[in-house]
Amino acid sequence: MKKVITGLGLILFAMTIIVPLLWVILTSLKSTPEIFRSPWGLPESPQWANYSNAWSKEGIGGSFKNTGIVTIATLALLIPVGAMAAYIFAKYPFRGSKTLSGIFMGGMMFPNFLIVIPLYFLLRQMSMLDTLTGLVVAYVAYSLSFTIFVLTGFFQALPNELAEAAQLDGCGHFSTFSRIMLPLAKPGLIVVGIFNAIGLWNEYPLAKVLVLSNENRTLPLAIVDLATAQQYASDWGALFAGLVIVMLPVMVVYWIFRDKIHETMLAGAVK
Amino acid sequence: MAKRGRTAFIIAFLSPAVLLYGIFVVWPLLQSFYLSFYRWKGISENRTFIGGENFAQLFKDEAFHKALSNNLWILVVGGFAIMALSILLAHGMQSNKPAVKALRGLYLFPQVISLVIVAIIWQFMLNPSYGLLTQGAAKVGITGVDKPLANSSQALAAVGVAFVWYAIGFYIMLFGAGLKQIPEEVSEAAELDGSTGWNKFWQITWPLLWSIKRIASIYIVINVLNIFALVWVMTEGGPNRATETLLTLLYKSAFKESAYGYGTSVAVANFALAMILAVILMFVFRKNPEERRG
């Protein structure tokens with residue numbers, strides 16, 4: 001009896017996740033009249049045109065490119081900068097290093113959005129408001145806390161003897177890092193890269209404030225605009241195709257790396 | 001490690017991170033506190049020092065009261081729902097059957113897709129004319145919930161449900177890990193003593209989950225104070241401020257009404273709230289009951 005109830009409960013829970021997501025995917029293959037006629041049925045014949053409409057007519061394609069550029073550029077800057085700082089915090093303690101790493105960690109505790117007003121004016125002063133460059137710089141700065149936190153853990157786990165041996169062999173500080181320690185921390189770099197990539201791909205609040213023009217919109221901004229516009233216009237098919245274009249890449253990446261992601265989330269939380 | 005060139009190396013490796021973080025995170029944070037004492041419409045020369053006037057106004061502002069109470073409502077009601085449901089579900093998912101394993105892969109989907117997508121999906125689930133939940137409720141004879149997002153007495157609960165849907169996977173994962181840490185022997189010993197079901201849960205499992213409960217509480221506070229995108233996309237804080245939160249109020253004050261000084265005072269109030277909640281949590285979780293017993 002108890003087993004039956006548990007089973008039913010879990011099935012119900014699974015349904016609450018699967019049904020809405022599957023519904024979005026199925027609806028993205030229906031024509032707009034069909035969505036209104038039978039919102040909960042299967043698509044009569046798949047309307048792939050919804051995807052091309054979303055991509056070119058509704059501007060999701062351009063935003064996809066922007067988000068791609070921003071995500072890759074942010075990671076390209078964030079990972080080296082974060083890894084270098086994490087390496088120092090893990091292996092080169094100095095007076096005040098605990099305090100300094102504490103200041104970095106503090107950034108994970110409060111909502112980033114709290115400082116968005118001064119940030120907006122700072123970027124405006126630097127002529128970086130409403131540019132992808134400005135968004136990248138802000139993203140790198142905001143993502144440093146988490147990145148340094150995770151990578152410090154990875155570097156701490158590497159034995160000091162390795163670095164000492166390398167230095168006896170004549171490696172300097174830098175080549176010890178780049179030739180010995182960094183390659184060993186590769187699993188950490190990958191995990192932190194995936195985590196940040198998902199977060200950056202999805203980021204909305206900062207982009208909402210720091211991006212003003214249509215051509216610089218990232219995907220989350222574009223999809224919200226599209227959803228808002230559909231209250232008046234009526235290409236629902238394209239809207240749902242747009243939703244799939246935004247969420248599917250993340251879902252695939254997450255599914256491939258889900259064990260690693262769970263592990264890191266738990267390790268980060270329980271620490 | 002070798003001493004030669006150590007200081008230079010430290011400076012070289014730390015300075016990019018320190019500069020970026022200092023300029024784009026720490027400096028704006030300090031400015032937030034400073035700006036909250038000014039009346040400022042965003043034109044740099046016209047900044048007027050007004051002391052604590054923004055805060056005096058804030059404490060009188062009904063929108064702020066509403067936002068604060070909404071945040072606390074989601075924190076308490078949503079927090080309890082998340083705790084109860086995630087412990088229950090984590091309990092049910094202790095086995096290693098393939099179906100349960102697959103479910104463990106699934107339950108983080110709502111968290112990894114963009115909050116914006118979560119918000120849009122829930123808008124559709126609750127759509128008056130064809131939403132699955134609104135129509136479903138009508139089919140089974142529940143009336144009065146046909147347009148929850150437009151109804152000021154239901155909108156907050158609707159947003160709360162979407163929030164729980166989005167957040168719960170992470171907490172199931174946490175409690176799942178916590179339950180796994182409880183040694184078999186403890187559980188078996190309790191059963192030999194005749195402690196089963198609810199009894200066993202309250203006397204054995206619940207106290208042993210102490211550290212997980214502490215972590216979960218901290219994350220719930222952070223999560224709730226961070227709520228912006230979900231509410232903004234679902235309701236923009238409406239109808240009639242029924243779903244206003246501190247961050248939607250901040251956004252509106254600054255970027256809709258150009259009251260930047262006032263907006264930063266909302267930010268500072270949010271920061272203060274975070275500090276107060278942190279102190280409360282430290283007090284609630286000041287001592288692990290298990291350590292005292294042992």
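Could you please give the count of residues in segment B:236-251 that are more than 12 Å from chain A (Cβ to nearest Cβ) and of a type in the set (D, E, K, R)?
2
Could we say that B:GLY79 is of a type outside the set (S, T, N, Q), more than 12 Å from chain A (Cβ to nearest Cβ) and either under 18 Å from the mean Cα position of the chain (by Cα) or surrounded by 19 or more Cβ atoms within 10 Å (Cβ to Cβ) (or both) here?
yes
Quick one: in segment B:235-269, of everything that is among the aromatic types (Phe, Trp, Tyr) and over 22 Å from the mean Cα position of the chain (by Cα), which residue is nearest to B:PRO148 (Cα to Cα)?
The residue in question is B:PHE255.
Provide a single number: the residues in segment A:122-144 that are at the interface with another protein chain (Cβ under 9 Å from one of its Cβ atoms) and crowded, with 18+ Cβ neighbours inside 10 Å.
Number satisfying all stated conditions: 8.
If I filter segment A:240-253 down to residues being buried (at least 19 other Cβ atoms within 10 Å of the Cβ) and facing chain B (nearest Cβ under 8 Å), which single residue comes out as farthest from A:SER31 (Cα to Cα)?
For segment A:240-253, the residue satisfying everything is A:VAL250.
What pairs come up if the first residue lies in segment A:108-125 and is on the phi < 0 side of the Ramachandran plot, the second is assigned to a loop (DSSP other than H, G, I, E, B) and surrounded by 22 or more Cβ atoms within 10 Å (Cβ to Cβ), and their beta carbons are under 9 Å apart, counting only those six or more places apart or on different chains?
A:PRO111/B:ILE227; A:PRO111/B:PHE228; A:PHE113/B:PHE228
I want to confirm something. Restricting to segment B:56-70 and keeping residues that are within 19 Å of B:SER32 (Cα to Cα) and surrounded by fewer than 18 Cβ atoms within 10 Å (Cβ to Cβ), which single residue is nearest to the chain's Cα centre (by Cα)?
If we take residues in segment B:56-70 being within 19 Å of B:SER32 (Cα to Cα) and surrounded by fewer than 18 Cβ atoms within 10 Å (Cβ to Cβ), then B:PHE59 is nearest to the chain's Cα centre (by Cα).
Taking segment B:211-235, which residues are more than 10 Å from chain A (Cβ to nearest Cβ) and surrounded by fewer than 20 Cβ atoms within 10 Å (Cβ to Cβ)?
B:LYS213, B:ARG214, B:SER217
Mind checking which residues of segment B:1-49 are touching a residue at least 24 places away in the same chain (Cβ under 8 Å), at the interface with chain A (Cβ under 8 Å from one of its Cβ atoms) and under 20 Å from A:MET108 (Cβ atoms)?
Answer for segment B:1-49, where residues must be touching a residue at least 24 places away in the same chain (Cβ under 8 Å), at the interface with chain A (Cβ under 8 Å from one of its Cβ atoms) and under 20 Å from A:MET108 (Cβ atoms): just B:SER32.
Got a sec? Which of A:ILE5, A:ILE35 is assigned to a helix (DSSP H, G or I) and closer than 30 Å to B:MET93 by Cα?
A:ILE5
Since every read-out is calculated from the coordinates, none of them should be taken as a lab result. In this text the structure is predicted, and so the values were computed from the model without any measurement. A quick note on method: Cβ atoms are made from the backbone with ideal geometry, for glycine too, and the neighbour counts reach across all protein chains shown.
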